Amino acid sequence: MKELREAIKTYGRGLGNDVVKVDMFLNHRIDTALLYRMGEEFAARFKEDRPTVILTVEASGIAMAVAAAHALGDLPVVFAKKGATVVQSPDVAQAKVYSFTHKRENIIRVDKRYLPIGSRVLIIDDFLADGQACQGMMALCAQLSCKVAGIGIAIEKGFMPGGKNLRAMGVHLESLAIVTGIEDGKILLADDD
């Protein structure tokens, strides 16, 4: 997606050889015009998959999931919580997920009522690195007898195994930008399709 690639080139920074820092426009400070264009792009790429609900993990994927849900006709958005709360139902699906960003394991949870049996779930997230978050959300869908309609990612780290592994599983995976590497703080991007 041209607009996202331009934002990455303009505002993104690479830290070390594996951290893509895009907090200026994607996850701490959000460029809302870009966000809604991304939602439209996800809608165009997944409309034929007929999703009935969007699933993401708190917190960075929520805004993007809402934008995609709106563009797909105001679908409901569910976000998996990373921790238990006192108000959460005990009737939850849960999965272990290792966070590449935070370097710790979380247990993500979704109240079973939020993803009814037979739902066609479109998973949306900001980053795809090793695929742990996506695998965890797919596990939640399996526990709740839901079909994964597809996975939409803003930025895929193409030099890590997550995207390759998901595609090998036959998942309809669409990434709006793919980072091929980081050199001297500069983020290298794959060409648009």
Bridge type composition, segment 47-190 - antiparallel percent by DSSP, nearest 5 = 40 percent
query = Quick one: putting +1 on the C-beta of Lys and Arg, -1 on the C-beta of Asp and Glu, what dipole do you get for segment 35-107 around its Cα centre, in Debye to the nearest 20?
reply = 280 debye
Charge-dipole axis of the chain as Lys and Arg at +1 and Asp and Glu at -1 on Cβ define it, positive-most pick from Leu128, Gly16, Phe79 = Phe79
Estimated 222 nm signal from helices in the chain, with DSSP H stretches of n ≥ 4 weighted -39500 (n - 2.57), rounded to 500 = -8500 deg cm²/dmol
ask   = Are there cysteines in the chain with no other Cys C-beta under 4.7 Å, and if so, which?
value = Cys134
key: the chain: relative contact order in percent, alpha carbon pairs under 8 Å with at least 6 residues between   = 22 percent
task = Taking 7 Å along the Cα-to-C-beta vector as the label spot, tell me the Lys112-Thr32 distance in nanometres, rounded to one decimal.
result = 3.9 nm
inquiry  = If DNA, RNA and ligands are ignored and the probe is 1.4 Å, what is the ranking of Asp74, Asp18 by accessible area, most exposed first?
reply    = Asp74, Asp18
Value of Rg/Rh across segment 1-122 [Cα atoms, Kirkwood radius] = 1.00
query = Accessible area, 1.4 Å probe, largest first: how do Arg113, Arg37 sort?
reply = Arg113, Arg37
key: Most to least accessible of Phe79, Phe42 (protein chains only, probe 1.4 Å)   = Phe79, Phe42
task = Estimate the FRET efficiency between Ser89 and Ser145 by the formula 1/(1 + (r/R0)^6), using the beta-carbon distance for r and 30 Å for R0, to the nearest 0.05.
result = 0.95
message = Please compute the modelled spin-label separation between Asp74 and Thr180, points set 7 Å along Cα→Cβ, answer in nm with one decimal.
response = 4.3 nm
message = Under a Cβ-only charge scheme (Lys and Arg +1, Asp and Glu -1), can you give me the dipole magnitude of the chain about the Cα centre, in debye to the nearest 20?
response = 520 debye
ask   = Mind checking the dipole of segment 58-168: about its Cα centre, +1 per Lys or Arg Cβ, -1 per Asp or Glu Cβ, Debye to the nearest 20?
value = 260 debye
ask   = Taking the alpha-carbon centroid of each part, what is the distance from segment 118-193 to segment 38-93 in angstrom?
value = 14 Å
Solvent accessible area, Å² - His102, 1.4 Å probe, full protein context = 100 Å²
query = Just the accessible area for Ser60, please: 1.4 Å probe, Å², rounded to the nearest 10?
reply = 40 Å²
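The values are calculated or read from the model by the stated rules, or taken from the named source; none is laboratory data. Keep in mind that this is a model prediction, so the values were computed, not measured. Backbone-built Cβ (ideal geometry, glycine too); neighbour counts: all protein chains shown. For accessibility, only protein heavy atoms count, side chains too; no ligands or nucleic acids. Shrake-Rupley method; radii C 1.70, N 1.55, O 1.52, S 1.80 Å.
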